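Have a look at the structure below, then the notes.
The values are calculated or read from the model by the stated rules, or taken from the named source; none is laboratory data. Keep in mind that this is a model prediction, so the values were computed, not measured. Cβ atoms come from the backbone with ideal geometry, glycine included; neighbour counts cover every protein chain shown. Ligands, DNA and RNA are excluded from the accessible area calculation, which covers all protein heavy atoms including side chains. Shrake-Rupley method; radii C 1.70, N 1.55, O 1.52, S 1.80 Å.
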Amino acid sequence: MVLVSHSRMFFGKYDLQWLSYNGLIGVEIFFVLSGFLIGRIIIDTLITDNSWGSLVTFYKRRWMRTLPLYFFVTFMLVLLGKDFHWSNIIFLQNFNASHLNFMPVSWSLAIEEWFYLIIPLLLILIFRTLKPKNGGRMFISVCIAAILVITLTRIIYVQMYQPTWDFGVRKQIFLRFDALLFGVILAGVKTYYKQFYSEIEKKSNILLVTSIVGLVGCALFYVLYLEAGKDYMNHSFFGRTLFFSVITVVSGIMIISLESNKWTNQLPINSAFYKSVTYISITSYAVYLVHYELFIAVQKYMTDSSNLTRAFILILCIVVVYGVAYLLNTYIEKPFMKLRDRNTSKNNFVISKN
């Protein structure tokens, strides 16, 4: 969805801003899914073990998964002469638009990295201090409270300062943790309230239809009413506050439905479709980091090109992106993940490919 959204730059003479709904919704789904996966790891390790050692191990595993490739791509961009600022090293680029220009897609990664740093630390501090008898209730209560605080903060911030919706709200680190936290809540419900979650899973087909209708509705609302992120969006109170919450909830419903869907869970491992989805999955991080830079570098030389030529170049760029992503996954990501698994305890920590 992000690739589709960014592909519109190849056809700049047309107003294809409406395609940006793909980027908006695609990233929101990613946030919730990421929170769902990380939530299980947090519960199975940090909350269960409740020790500072498990927190350190969590940080090691997360950062060995995300930082090596990010720093490698950063180094390559520096070699190519892009204007670098130190804030990109510690993921503070979201607070300055010119600093974020170094690697524009890194805004979502910055939100994730700060989420990894702050939320697990907050949870372990609460559990070590309060020592609750009902861990599940405490876990979910803390996450819900955090979501409410973040949402209220976003509302107050928009009301008081009237920021732009994209850089001013969407990309501001501490205003977006609620999307990931919603995924964490889903993980908490699945872990602590298994019977309730299993009852929900029985309605997976209804949930899937509901989520599809909901996401299509969000896309139409974004395109037709909010003008697909144009200037009107900068003045829409709902578009800068609760609209993010609506997409988050609908994305969560889709994740529940697909995670429990019989068809997706019974796909033959050797089938071409299964292998294709797996390939797209394992290369997605690298694709996300490199595609935009290649798109920008290539499309600016196509001012006089025909639409057919532009389409052909776009397809070629996507093929190149996935080829580069395969190499990066093979020679950067996988070696560091193997190193990570060798240097962190497998007895006390859930091994995850995420």
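Each of ARG137, ARG342 has its accessible area taken with a 1.4 Å probe; listed largest first, they run ARG342, ARG137. With axes computed from alpha carbons, what is the tilt in degrees of helix 21-41 against the longest principal axis of the chain, rounded to the nearest 10 within 0 to 90? The angle comes out at about 30 degrees.
Suppose a student asked you for the relative contact order of segment 209-342, using Cα pairs under 8 Å spaced at least 6 residues apart; what percent would you report?
Working: 50 pairs, mean separation 26.3, N = 134.
Rounded, it is 20 percent for segment 209-342.
Toward the positive end of the charge dipole of the chain, with +1 on the Cβ of Lys and Arg and -1 on the Cβ of Asp and Glu, the farthest Cα among GLY53, TRP165, ILE118 is that of GLY53. For the pair THR344 and LYS230, label points projected 7 Å from Cα toward Cβ lie 4.6 nm apart. Measure nothing but the geometry: give the 0 to 90° angle between the long axis through the Cα atoms of 272-299 and the longest principal axis through the Cα atoms of the chain, rounded to 10°. Between the helix axis and the principal axis of the chain, the angle is about 50 degrees.
Taking the C-alpha atoms only, the angle from helix 177-192 to the longest principal axis of the chain is near 40 degrees. Using a cutoff of 8 angstrom between alpha carbon atoms and counting only pairs six or more residues apart, the relative contact order for the chain works out to 29 percent. Mark the label point 7 Å from the Cα of LYS60 along Cα→Cβ and return the residues of segment 111-132 whose backbone N is within less than 18 Å of it. So the set is 117, 121.
Checking (i) 17; (ii) 30; (iii) 12 against the coordinates, the calculated percent of Cα pairs over 40 Å apart falls under label (iii).
Accessible surface area normalised per residue over segment 179-335 is 54 Å², counting heavy atoms of protein chains with a 1.4 Å rolling probe. By accessible area, using a 1.4 Å probe on protein heavy atoms only, the chain has 68% of its surface on carbon and sulfur.
Between ASN261 and LEU220, the contour length at 0.36 nm per residue exceeds the alpha carbon distance by 12.1 nm. Subtracting the Cα-Cα distance of LYS131 and GLU199 from 0.36 nm times their residue separation leaves 21.5 nm of extension gain. On full extension, the segment bounded by THR278 and ASN50 gains 78.7 nm, given 0.36 nm per residue less the C-alpha separation. Between SER271 and LEU80, the simple label model (points 7 Å from Cα in the Cβ direction) yields a spacing of 3.7 nm.
For the chain, what does -39500 (n - 2.57) per DSSP helix run (n ≥ 4), summed and divided by total residues, give at 222 nm, in deg cm²/dmol to the nearest 500? Could you put the intermediate results ahead of the total?
Working: 15 runs with 238 residues, N = 354.
Counting only the DSSP helices, I get -22500 deg cm²/dmol.
Provide the FRET efficiency to the nearest 0.05 for the ALA297-LEU327 pair, computing r from the beta carbons and using R0 = 25 Å. Display every interim value, and only then the final one.
Details: r = 18 Å, r/R0 = 0.71.
Once rounded, the FRET efficiency stands at 0.90.
Checking the table LYS82/LYS171; LYS230/LYS300; LYS13/LYS82; LYS300/LYS334; LYS171/LYS262; LYS82/LYS338 against a 29 Å threshold on Cα-Cα, which pairs fail? Please list the in-between numbers first.
Values: LYS82/LYS171 21 Å; LYS230/LYS300 22 Å; LYS13/LYS82 26 Å; LYS300/LYS334 33 Å; LYS171/LYS262 36 Å; LYS82/LYS338 31 Å.
Beyond 29 Å between Cα atoms: LYS300/LYS334; LYS171/LYS262; LYS82/LYS338.
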